[in-house]
Each structure stands twice: as C-alpha cells, then as structure tokens.
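The structure under discussion appears below in the form of structure tokens.
The values are calculated or read from the model by the stated rules, or taken from the named source; none is laboratory data. Predicted model only: the values in this text are computed from it and were never measured. When we count neighbours, we look across all protein chains shown, and the Cβ atoms used for this are built from the backbone with ideal geometry, even at glycine. These accessible areas exclude ligands, DNA and RNA; they are computed on the full protein's heavy atoms, side chains included. Shrake-Rupley method; radii C 1.70, N 1.55, O 1.52, S 1.80 Å.
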Amino acid sequence: MYKYFFTLFIGIGLLAACQSEKGQDEQAKASQDTTFNTYKEAFVEELWATYPTWASYEGFHKYDSVLRVPDEATKKKEIAFSEKHLKQLAEFDIKQLSDNNQTDFYLIENQLKKTLWQLNDYKAYQWNPSNYNVSGTFAVMLINDYDALETRLENFHKRLQQVPAYYAAAKENIQNPTEIHTQLAIEQNLGGLSVFEIDLPDALAKSNLSEAQKEALQEDAEAAVAAINDYVAWLKALPMENPRSFRLGEALYEAKFNYNIQSGYSAEEIYQKAQAHKKAVHQKMITIADTLWGKYLPEQAKPKEPLAMVRQLIDKISLKHVAPDSFQLAIEAQIPELEKFIKEKDLLTLDPTKPLEVRREPDYMAGVAGASISAPGPYDKEGNTYYNVGSLAGWSPERAESYLREYNHYILQILNIHEAIPGHYTQLVYSNQSPSIIKAILGNGAMIEGWAVYTELMMLENGYGNNEPELWLMYYKWNLRSTCNTILDYAVHTQEMTKEEALDLLMNEAFQQKAEAEGKWRRVRLTSVQLTSYFTGYQEIYDFREEMKDQQGDDFNLKAFHEQFLGYGSAPVKYIKAMMTSALTEVE
Ligand code: ZN
Ligand code: ZN
C-alpha cells in the first residue's frame, strides 16, 4: 500500500478515538493560519517599503516617487529587514499551517535567506555594473495608464531627483567588474536615455502641468541624463586590466541554484541527469531518423555520422510550415483540438468557465515571440489573461521563412501545448483557485516552466498527434534545447567550457542555427542558473510522477495526479511532492 492513501486510512480508523484531541488540533491550526495570514500582509507591506522599485514593477504604486540610492544605508536596511522577518517566521509552527501557508512560508524564508546571501556572498552589486539602470521604472510610469498622467509625472519628478545620488553610489560599489556586464551596462544605460529625451517631453506636452512645473521637471531630467552619461563614461574608462571572470565558479553556482530553483536536486545532479537525458534523446532521434530517411530523402545517401543524418532530416521536415499570413489562424485553430484531446483522454479537468482568450499581440510586444501568455499582475484583479499571438506582417520574406521553419507544422503544436493548454495557461487557472499574494510575487519559476515542459511530453505519451514519428522527432529537437541549456549553463559557470565547445554542443548536438547558438553564448555569460530552470522543473515533475506510478501501481490515476499537483499553486516541486506524500516536515 502506498503512503498517501495509507495515511488517509489510518486517519479514518482513529477518528472516533481522537475526536476531542482532533478538535483542539483543528483549532490550533485555524488560529495559526489566521496569525500567519495577518503576518503575510504585514510582510508584503514592508517588502514594498524596502524595495520600492520592485513594488512599482508589480503594480503597487505607493512608492513610485522613491528611488533607493544603493548605498551602505540601503544595504543595512535590507539586511535588517531580512533578519527581522527570519526571526518572525521562526515563531510559527509550520506543521500547524495549511498547505497553502506552508508553501508560502518556505517561499518567504527562501527569499530572505537569498537576500542575505546575495549581499554577503554573491555581491553582484560589486561586479555587475548592469545592476544599475534607472530607466525601466521611469518608462513604466509613462507607458502604463494606472493613474492620472499628472500624478504619475509628479512621482516621476520626485524620483528623478535621486538619480545623481543613485549613480554616485553605484560608482562607489563597483569593484573589479566583469567585462561583459560592464559592456551591457554601457549599452543598456545609453539605450534608456530615450525615456528622458523622447518619451518624457512627449508626456509633458500631453499633460496639464503648469509651465513652471514642466520646466522644473525638464531641468531635473537633464541632470539625470548627465548622471547617466557620466556613469557610462566612467565605465568606459575603467582600466579592465584583470577583470573578474564571467564564470561564477562552483560554490556560488550551487548556492545560487539552491536559492533560485529550490530543487530537490543539486545543480551537479541536474547536470548529470541532463547529460544522460541528452544521450537517450539522441538515440531515440537516430532510430526515428533512420526509419524516416527513405520517405524524405530517398535519393540521398545517409550520412555516416548519425547526428548529421538527424540534422539533415530535421532540416527537410522543417520545410513543412504554414504560410506567413496564416500563422495566427493556425495557432487559434489548434486550441480547441488540444482541449478536445485532453477531454477524450481524461488527462485533467479544464475549467469551462475560463476559456482561453486568443488575441493578436499588442504593438509593444511585436516581434518578440511567436506566442506568449500574459497574465494580470497581483494588483490587477480585473485584468484578463491573454494568449498573445504574433503576426509576421511586415517581416522580410527571408526572416519570415527562417522563423516559420523554426516554428514549423510540428513545433507549432508543441509551442501551443507549452504556452497554452495544458501548459502555462492551464497551470495559471489552477493556481488561481488558491490565490496567494506570496506566490504571485515569489512563485517558483522552475515549477511553472517545468510544468509547461512536462506537458509537452505528457501529451505525446498519451498519443497526441497519433504518434507520428515526425512529431516525436521535432519534439525531441525542441526538448534538447532546454536539456542543452542546462548542460551549457553548468559547464560554462563551473567547468571552463569554451565558446567553441558551447557552439559545438548547441549546433551539432541540439541542432540549432548559428545565430541562435551565438545568442545563447552571450546569454550564458550574462546570466547564470536561469537557463536550467526549464529542464530542472521538468525532470523533477517527471521523476515524481514515475515514483508515484511505481508506488501506486494499478491505482495510479494520471488525472488525479495532475489535478492534485496543480492544486498547490506555483510552489517549488520539492514541497508539492512532500505534501502529496504527506511528509513535508521531513523535507528541510
Ligand atoms: Zn518554407
Ligand atoms: Zn514557458
């Protein structure tokens, strides 16, 4: 008998005997939850007071006028905030909290510990000059129409006055930065100037501010622009004789992985799993390609090198794609197909009251991605969730062709599974059933991405696409992207992987185009750990499901597993797993 139902069974047997004890227990639980709910509200209030810029991004505009100067005093404030709340958390008895509050507890605790680690050990504030850039929030204040333009401009003005002090503190902080982050800081800060030089004058012209107010604002904007230009000049003049390496090194990498991914596996374990997975996927692709070769390339001799054969076949099959002007229609037409399949196979319940709204992507997103989900922020309760579908209108024929080969007939279906149903969109609908402000702010990215990646395989396993070998081959190619991203990230940051080795991995083993591989080489030097989140989440969910299957045998029900799993919201997989096997307290 497996653990989950075993616990339940015992519970029923002892119910009569422990009635009164259980009553007290329930009361203690309810009162802990009430106290914790109050605590959470206070925590969020204080979080925004401590991090006003973050608050503005999340749609909480009380602190729009405040730009924190990143000096020693601010650092002390952040440390004090984290230590205080870690103490407050320690006063709760985790076992007495509801499932939703238990996961919230762990998310808050992780955030606080991560902050202390970032300030005391990681120290990106010293080596990453691109951490300092003010233009983003200012742009949000001009573009987003959450308040009267005049109110937004008044806050803009107050915020603007702190810009020179902000960059002075930035210069104080920076010590031996990496070359690539210095370069990025120069590009991004120069790129942000248009907010003050173009967008601001436009907004001022439309506003009802007095001439005197407009002039004062303009003057402070000029001082801010001067401070940004001075920062850029200062960065350009840094000697860079022996710059810090962009590679994190193993110790920092493992720690960052633990805080950012919150996985039950270590980074090294995930790296090993990704390596093994890559090999297994290659074998499957070679087998499929072998059988499909005659159908697609009968005149051509099979290359001796198996992966070269796979590549040629992928290139050939990629030619099957929709016409540029029916890209949107093709995506829209697939949504009901996916829904129908999920119902037929009884894979999970889709809430019929929340149909997915497909829309053409808004102009400000144009050209970014083929399709994406946009969900309302934690403070935008009335907002809708949309499936944004890009249009290829205005693209050059070459650009459209290359894009459509990438998002060919097969990959397009996998993209829809990932982004919409039963991927991101479905996960979002489930997580909204147990709403949590904490998960809206601190939700676990690896769980969210992992679920979407898991559903791609799950749909195919259940026969979506009639087990067409072409679809499986393309699926594996798509899956190799997240797998090889994980290998790349770990190998670059902990093992000195060279550019040549990286390009070889991405182009010859993950079948990517040169431009994509080059872009990835840049991204992996600028970021760390984030590239592993997709594969890690996927692997954890998949392994957990297989474990449950083994334990439950014939009693395993895929639909029940999916629904229970999603019911915990965007919590780290290790905690969901622990709660589903009722052993949460043993996790830490
Ligand atoms: Zn074509
Ligand atoms: Zn995704």
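Quick notes on this one:
- FRET efficiency, Lys76 to Glu211 (Cβ-Cβ, R0 41 Å, nearest 0.05): 0.50
- For segment 494-588, chymotrypsin sites (Phe, Trp or Tyr not before Pro) are listed when DSSP marks them as loop and at most 16 other Cβ atoms sit within 10 Å of their Cβ; the list is Phe556.
- Per-residue SASA entry for Val69, accessible area with 1.4 Å probe, Å² rounded to 10: 30
- Proximal lysines to Lys499, defined as alpha-carbon separation beneath 18 angstrom and excluding residues fewer than eight positions away on the same chain: Lys514, Lys520
- Rg and Dmax over the alpha-carbon atoms of segment 326-401 stand at 15.0, 43 Å.
- A crude spin-label estimate for the pair Trp234 and Glu516, with each label 7 Å from Cα along the Cβ direction, gives 4.1 nm.
- Ligands, DNA and RNA are left out, and with a 1.4 angstrom probe the accessible area of the chain is 47 Å² per residue.
- Cα shape, segment 133-246, gyration tensor, a/c 1.5 rule: prolate
- From largest to smallest, the equivalent ellipsoid semi-axes obtained for segment 227-309 from the alpha-carbon gyration tensor read 45, 24, 12 Å.
- The alpha-carbon atoms of segment 521-588, seen along their principal axes, cover 48, 25, 19 angstrom, with the largest extent given first.
- Full-extension gain in nm, Glu219 to Asp315, via 0.36 nm per residue minus C-alpha separation: 28.9 nm
- Dimensions of the chain based on its C-alpha atoms, expressed as ranges along the principal axes with the largest first, amount to 78, 73, 49 Å.
- Sparsely packed loop sites in segment 290-387 (the GluC sites (Glu not before Pro) outside DSSP H, G, I, E and B with at most 14 other Cβ atoms within 10 Å) comprise Glu299, Glu382.
- Distance in nm between pseudo-label sites at Lys295 and Arg523 (7 Å out along the Cβ direction from Cα): 3.1
- The trypsin sites (Lys or Arg not before Pro) of segment 219-310 that meet both conditions, a loop assignment by DSSP and at most 16 other Cβ atoms within 10 Å of the site Cβ, are Lys304.
- For Thr178, the residues whose modelled amide H falls within less than 5 Å of its own, excluding neighbours fewer than 5 places apart on the same chain, are Arg244.
- Residue-span extension gain [Asp550 to Glu41] - 0.36 nm each, minus C-alpha spacing: 179.1 nm
- Gain on full stretching of the segment that runs from Glu197 to Ile180 - 0.36 nm per residue minus C-alpha separation: 3.5 nm
- Taking label positions 7 Å along the Cα-Cβ direction at both Lys123 and Asp325, the computed distance is 6.0 nm, reported to one decimal.
- Förster radius 35 Å - calculated FRET efficiency between Glu268 and Ala90, Cβ distance, rounded to 0.05: 0.70
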